[in-house]
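The values are calculated or read from the model by the stated rules, or taken from the named source; none is laboratory data. No experiment lies behind these values; they were computed from the predicted model shown. Cβ: placed from backbone, ideal geometry, glycine included. Neighbour counts: every protein chain shown. For the accessible areas, the whole protein counts, side chains as well, though only heavy atoms, and no ligand, DNA or RNA atoms are used. Shrake-Rupley method; radii C 1.70, N 1.55, O 1.52, S 1.80 Å.
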Amino acid sequence: MEMEKLVSLCKRRGFIFQSSEIYGGMNGCWDYGPLGVELKRNVKESWWRDMVAAHDDLAVPSGAPSAYEMTGLDCTIIMHPQVWKVSGHYDLFHDFMVDCRQSKHRYRHDQVRGRWLTHRGQRIFVATELVADEGLAETQQRALKFFNLRGKDADDLAWEGELVSLTTVADFAQVLGPDAKELGTLTPPREFNLMFETYVGAMRSEDAKAFLRPETAQGIFVNFKNVLDSSRVRVPFGIAQMGKSFRNEITPRNFTFRSREFEQMEIEFFCHPSQSPDWYRYWRDRRFRWYTDLGLAGERLRLREHTVEELSHYSCGTADIEYAFPFLASGDFGELEGIAHRGDFDLRSHMEGKLVRKGNELVVELDAEGKPRHRGSGKDLSYRDDLTNERYIPHVIEPSAGADRATLAFLCEAYAEDQAPDESGKMQTRVVMRLHPRLAPIKAAIFPLVRKDGMPEVAQEIYRAIKPHYTVFYDEKGAVGRRYRRQDEAGTPFCITVDGQTLTDGTVTIRDRDTLEQTRIHKSECLAEIRNRMGRGARG
Ligand code: GAP
């Protein structure tokens, strides 16, 4: 499928518009039109329903270590600025950063150092995060490994002076990143001031500065104690939240895929550390299944487990659910959702202060005076199990999804062109959005075959009977074949038509979008039939 066709259909049929289009548009911002708003709401409502509202707290779901509870939150977009300082977003988003495409580590550009050397005519820059003697020793070790040499061959390496900053290196093609095995894996430095700033109150001073949240997750962590104290949840339990997030993306692109304003659907699942690997596997598989149940399947959807080298050292697993979006090169996939084992990193950060990695430990980052660089809340966010009396900091599994990315993937997957007969029986190319019935913006369209003989009245009666329960659309304008086509493009799974026979025996036709099959049912059974077909959730 060519992406241009989908983008054009989205605009033509009112799924997605460019924000502020009449003023030339706003880069990285998108508006959902009349059909799009219903589709995206259905995506979010399906997520909430499947993960939270309809979750059975008493049963042990297949693959889960035990039963668990799910609850929700709706936090503000503007939070205390300290939240972002402690979480790491403030420091991380304000510096020039380089990413390693291989190890997935991110480094402050000015904190990476390294040394040039030449061996057998090849000149490379070996980078490290260490300084002084440690840095010299590490670069030496890594250079030997890179060139497949032994320690006794160290003299074969022709080093050029001391450690220098990566900022002195213009071209990264010959750079061996601090955790890389190959040259040229570092991206060019990028300024990561991704958080949108605003001012709270009348003064535009530094003290009044606040941020639009770049993720919904932190609202959950800072309310962990509130939820524990106000409800009777017990570990293991999850807190879900969906809502707007903002990132001042340097390069918004690929339709809604990378936007500056977008919605996330995030769960923070709190569990006992000893059970966290099992819960991680449960959530990874559960979330993957959610997409396949709603129609993303086949070769275009995949679960990619991060390699051990890619993992944060406190994490025992991270997986991405990825989709082969049509705007990507063949064989490439884009992230829909990440499922991360985050250990106790977040709760500890909000207790103690911003944490940094030191060797194999997470320690509070200190400033030049030896004080915490960003202080935590000082509140006790540990959990006491009232049955065993054990007190511990729960580990967190975080399934973090994007509502806009999921919506885009469902749109891409749904777009199809096939051959269908028009009203004169001639085969024509038809554009059809094969959206899962749960996601379809309109569940059924109701048509009188013609605008006379009492057919509109019967059709309106059916429309009014279904409308309180499902989004339905009444249309009496134009040839019925064209009305069907319009609904196919909108992704409407069922069309109900009142015709001449209705007036004699009270039956109507119900047409299936995907199979084109038309069956007759009594007009009084329309609501039950839609409910039945929706329940089946089938695509045809
Ligand atoms: N709390 C973890 C977190 O925010 P993330 O990978 O940065 O992790 C999670 O974001 C999900 O949010 C992504 O998998 C993606 O679906 C969505 N997302 C992130 N940035 C986005 C953007 N600029 N535009 C649209 N969706 C985005």
Which residues, taken from the stretch 286-305, are charged (D, E, K, R) and assigned to a helix (DSSP H, G or I)? Arg286, Arg287, Arg289, Asp293, Glu299, Arg300
Given (1) over 13 Å from the mean Cα position of the chain (by Cα); (2) within 10 Å of the ligand (Cβ to nearest atom); (3) in a loop (DSSP other than H, G, I, E, B), identify the lone condition not met by Ile220. (3)
Residue in the stretch 99-108 that is among the hydroxyl-bearing types (Ser, Thr, Tyr), in a strand (DSSP E or B) and within 21 Å of Gln141 (Cα to Cα) present: yes
Residues being part of a loop (DSSP other than H, G, I, E, B) and surrounded by 14 or more Cβ atoms within 10 Å (Cβ to Cβ) - total across the stretch 350-381: 7
Just give me the residues in the stretch 17-49 being open to solvent by 30 Å² or more (accessible area, probe 1.4 Å) and hydroxyl-bearing (Ser, Thr, Tyr), in sequence order. Ser20, Tyr23, Tyr32
Determine if the stretch 502-510 includes at least one residue that is outside any strand (DSSP E or B) and over 17 Å from Gln460 (Cα atoms). yes
The number of residues in the stretch 400-427 that are under 28 Å from Pro493 (Cβ atoms) and within 16 Å of the ligand (Cβ to nearest atom) is 13
Going through the stretch 29-88 in order, the residues found to be charged (D, E, K, R) and not in a helix (DSSP H, G or I) are Asp31, Asp56, Asp57, Glu69, Asp74
Given (1) among the aliphatic types (A, V, I, L, M); (2) surrounded by 15 or more Cβ atoms within 10 Å (Cβ to Cβ); (3) over 20 Å from Asn532 (Cβ atoms), Val472 misses just (3)
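The rows are residues; the columns are (1) away from the ligand (no atom under 13 Å from the Cβ); (2) closer than 27 Å to Phe192 by Cβ; (3) charged (D, E, K, R).
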{"site": "Asn254", "(1), (2), (3)": "no, yes, no"}
{"site": "Phe257", "(1), (2), (3)": "no, yes, no"}
{"site": "Glu261", "(1), (2), (3)": "no, yes, yes"}
{"site": "Met265", "(1), (2), (3)": "no, yes, no"}
{"site": "Glu268", "(1), (2), (3)": "no, yes, yes"}
{"site": "Tyr280", "(1), (2), (3)": "yes, no, no"}
{"site": "Trp290", "(1), (2), (3)": "yes, no, no"}
{"site": "Arg302", "(1), (2), (3)": "yes, no, yes"}
Matching residues in the stretch 150-179 - criterion: being touching a residue at least 12 places away in the same chain (Cβ under 8 Å), open to solvent by 50 Å² or more (accessible area, probe 1.4 Å), more than 15 Å from Leu117 (Cβ to Cβ) and not in a helix (DSSP H, G or I): Asp179
Would you confirm whether any residue within the stretch 423-434 is part of a helix (DSSP H, G or I) and crowded, with 22+ Cβ neighbours inside 10 Å? no
Is there a residue in the stretch 393-411 that is of a type outside the set (Phe, Trp, Tyr), in contact (Cβ under 8 Å) with a residue 12 or more places away in the chain, open to solvent by less than 40 Å² (accessible area, probe 1.4 Å) and over 30 Å from Trp279 (Cβ atoms)? yes
Residues being open to solvent by less than 20 Å² (accessible area, probe 1.4 Å) and part of a loop (DSSP other than H, G, I, E, B) - total across the stretch 109-124: 1
When residues of the stretch 306-349 are limited to those that are under 18 Å from Asp179 (Cα atoms) and in a loop (DSSP other than H, G, I, E, B), the one nearest to the chain's Cα centre (by Cα): His306
Step by step: first the residues of the stretch 197-217, then only those that are away from the ligand (no atom under 16 Å from the Cβ) and closer than 25 Å to Arg258 by Cβ, then the one that is surrounded by the fewest Cβ atoms within 10 Å (Cβ to Cβ). Which residue is that? Glu197
Check the stretch 320-328 and report whether any residue there is open to solvent by less than 50 Å² (accessible area, probe 1.4 Å), aliphatic (A, V, I, L, M), within 13 Å of the ligand (Cβ to nearest atom) and in contact with a Leu (Cβ under 8 Å, 6 or more places away or on another chain). yes
